[in-house]
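Single-structure report; data block below.
The values are calculated or read from the model by the stated rules, or taken from the named source; none is laboratory data. It should be emphasised that the depicted structure is a prediction, and the values quoted were computed from it without experimental measurement. In this analysis, Cβ positions are derived from the backbone assuming ideal geometry, glycine residues included, and neighbour counts consider all displayed protein chains.
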Amino acid sequence: MKSAYELAMERLQKNSPSVTLTAEQKSELGEIDSSFQAKIAERKIFLTDQIRKAAAAGKFDDVESLEKQLTADVLRFQEDCEQKKEKLRAGWRVRVSRKN
């Protein structure tokens, strides 16, 4: 007799089967991640330097503003990254459905 968990997992698999990615697809997703991580790191370095300079000059309003900008920029890059990966995944789904 199957447990409720096993039955639920079977139903889930029928409704939305899991997708296995090829090495090429994993590589493409990795490249996107890597690219956006580099952009985030670059932005963090730049704004952290600006924050340090503003703090040294006693411009604490600027420090707060720059910190908010840094947070917003990182979130924007993360969202852009996820959108780009989702667009790529959608393209894969279209190609798969055309083959069937």
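Close Cβ contacts (under 7 Å, 6 or more residues apart or on different chains) running from residues in the range 33-59 that are of a type in the set (Asp, Glu) to residues that are part of a helix (DSSP H, G or I) comprise 33/81. Exactly one residue out of 84, 26 is in a helix (DSSP H, G or I) and surrounded by 13 or more Cβ atoms within 10 Å (Cβ to Cβ), and it is 84.
For the range 35-55, does any single residue satisfy the condition of being under 21 Å from residue 90 (Cβ atoms), part of a loop (DSSP other than H, G, I, E, B) and in contact with a helix residue (DSSP H, G or I) (Cβ under 8 Å, 6 or more places away or on another chain)? No, the range 35-55 contains no residue that is under 21 Å from residue 90 (Cβ atoms), part of a loop (DSSP other than H, G, I, E, B) and in contact with a helix residue (DSSP H, G or I) (Cβ under 8 Å, 6 or more places away or on another chain). Only residues that are of a type in the set (A, V, I, L, M, F, W, C) and at pLDDT 95 or above were counted in the range 70-100, giving 6. Regarding the range 57-69, can at least one residue be identified that is modelled with pLDDT of 95 or more, under 19 Å from residue 82 (Cα atoms), part of a helix (DSSP H, G or I) and under 20 Å from the mean Cα position of the chain (by Cα)? No, every residue in the range 57-69 fails to be modelled with pLDDT of 95 or more, under 19 Å from residue 82 (Cα atoms), part of a helix (DSSP H, G or I) and under 20 Å from the mean Cα position of the chain (by Cα).
Residue 61: of a type in the set (Asp, Glu) and in contact with a Phe, Trp or Tyr (Cβ under 8 Å, 6 or more places away or on another chain), yes or no? It is false that residue 61 is of a type in the set (Asp, Glu) and in contact with a Phe, Trp or Tyr (Cβ under 8 Å, 6 or more places away or on another chain). Residues in the range 48-74 that are surrounded by 11 or more Cβ atoms within 10 Å (Cβ to Cβ) and within 30 Å of residue 27 (Cα to Cα): 70, 71, 73, 74. The residues listed here are 47, 29; of these, the one that is in contact with a Leu (Cβ under 6 Å, 6 or more places away or on another chain) and of a type outside the set (D, E, K, R) is 47.
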